[in-house]
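Here the structure is laid out as structure tokens; the discussion comes afterwards.
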Amino acid sequence: MTDTVLRISNVNKAFGGLQALSDINLNIEKGKVHAIIGPNGAGKSTLLNVCVGLLTPDSGTVTFNGGTNVIGKSPHEINQMGLARVFQTPEIFPDLSLLDNVMIPAFAKRDGAFHFKLFQSLSGETKITQEATEILASVGMDDKLNVIAGSLSRGDKRRLELAMCLIQRPHLLLLDEPTAGMARHDTNKTIELLKKIKEDGMTKIIIEHDMHVVFSVADTISVLAQGAIIASGTPDEIRGNPVVQEAYLGGAEL
């Protein structure tokens with residue numbers, strides 16, 4: 001039986017009179033890439049925010065790695081448990097080098113916190129420096145170690161943020177529209193990177209509007225519409241599902 005890394009059970013969330021999530025049930029299997037798709041406003045980012053502790057659901061549970069309910073825990077606590085997230089807008093330190101950007105989360109993961117007053121001590125962290133360099137090489141950015149992060153293209157900023165997550169060695173990686181705003185060249189590079197990470201066996205949840213990305217990397221796809229899951233299945237099952245086609249593209253084929 002495949003292990004379940006994350007189990008979302010009967011999750012509901014409303015904002016005033018708007019039911020953003022309605023009785024959501026999902027099992028995220030170990031080592032798989034689980035894509036969540038749906039129209040704008042379907043509740044995709046709301047669901048991720050519940051999983052990482054940025055929102056508290058009105059009801060339901062989210063259990064991680066065999067039974068720990070993350071509801072009520074802070075984002076920092078959830079991150080320390082082994083759940084990392086790449087946001088829609090890259091969350092980086094724009095005034096620091098790429099190497100420093102990747103070293104900081106490794107330092108925080110090891111010690112439980114990071115204080116900038118200790119920043120100068122990073123230069124003496126030989127093990128973390130080596131690990132950060134290797135992670136940047138794995139995302140194709142080892143030629144930019146000392147480049148200031150704020151000068152990067154959008155695509156490179158997304159890859160940098162991914163490296164900042166990978167160095168934490170998470171059990172589960174959540175990616176919120178990892179190719180949003182990218183040119184096709186950068187999108188294709190990101191697809192290849194996601195495939196490479198997939199080969200390493202890391203469990204991932206991906207929210208993505210680009211169906212080329214979804215069908216290239218996902219093992220399982222769940223479709224959200226108006227806060228409810230209307231279908232889950234393999235890429236082929238979802239591609240041929242008329243209910244999904246109607247809800248997502250007005251009847252056009254995916």
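Bear in mind these aren't lab numbers, they're just calculated from the coordinates by the rules spelled out. Note that the structure is a prediction, hence the values are computed from the model and not measured. Heads up, the Cβs are rebuilt from the backbone with ideal geometry, glycines too, and the neighbour counts pull from every protein chain shown.
Is it the case that R154 is surrounded by 23 or more Cβ atoms within 10 Å (Cβ to Cβ) and of a type outside the set (A, V, I, L, M, F, W, C)?
Judged against the criteria, R154 is not a match.
Using beta carbons and a limit of 9 Å, which pairs, at least six apart or on different chains, have the first residue in segment 34-49 and free of Cβ contacts under 8 Å to residues at least 24 places away in the same chain and under 15 Å from V86 (Cβ atoms) and the second one buried (at least 21 other Cβ atoms within 10 Å of the Cβ) and not β-branched (V, I, T)?
Cβ pairs passing all conditions: N49/K13.
Taking the residues in segment 32-69 that are at positive phi and part of a loop (DSSP other than H, G, I, E, B) as candidates, determine which candidate is surrounded by the most Cβ atoms within 10 Å (Cβ to Cβ).
The residue in question is G43.
Restricting the search to segment 1-23, which residues are surrounded by fewer than 16 Cβ atoms within 10 Å (Cβ to Cβ), touching an Asp or Glu at 6+ places or on another chain (Cβ under 7 Å) and not in a loop (DSSP other than H, G, I, E, B)?
Correct list: N10, A14.
If we scan segment 126-140, do we find a residue that is among the hydroxyl-bearing types (S, T, Y), assigned to a loop (DSSP other than H, G, I, E, B) and out of contact with any strand residue (DSSP E or B) (no Cβ under 8 Å at 6 or more places or on another chain)?
Within segment 126-140, none of the residues are among the hydroxyl-bearing types (S, T, Y), assigned to a loop (DSSP other than H, G, I, E, B) and out of contact with any strand residue (DSSP E or B) (no Cβ under 8 Å at 6 or more places or on another chain).
Out of (1) closer than 18 Å to N188 by Cβ; (2) crowded, with 21+ Cβ neighbours inside 10 Å, what's the single condition that is false for L173?
Checking L173 against (1) closer than 18 Å to N188 by Cβ; (2) crowded, with 21+ Cβ neighbours inside 10 Å, the one that fails is (1).
Quick one: which strands (runs of 3 or more DSSP E) sit completely within segment 189-243 and have at least 1 residues that are within 16 Å of the chain's Cα centre (by Cα) and under 24 Å from G140 (Cα atoms)?
Where strands (runs of 3 or more DSSP E) fall fully within segment 189-243 and carry at least 1 residues being within 16 Å of the chain's Cα centre (by Cα) and under 24 Å from G140 (Cα atoms), they are 203-207.
Tell me, which residue of segment 80-104 that is in contact with a Phe, Trp or Tyr (Cβ under 8 Å, 6 or more places away or on another chain) and hydrophobic (A, V, I, L, M, F, W, C) is farthest from T4 (Cα to Cα)?
Looking at residues that are in contact with a Phe, Trp or Tyr (Cβ under 8 Å, 6 or more places away or on another chain) and hydrophobic (A, V, I, L, M, F, W, C), I get I104.
Being surrounded by fewer than 18 Cβ atoms within 10 Å (Cβ to Cβ), over 18 Å from E246 (Cα atoms) and touching a strand residue (DSSP E or B) at 6+ places or on another chain (Cβ under 7 Å) is the filter here; which residues of segment 203-233 pass it?
Scanning segment 203-233 gives a single hit, D219.
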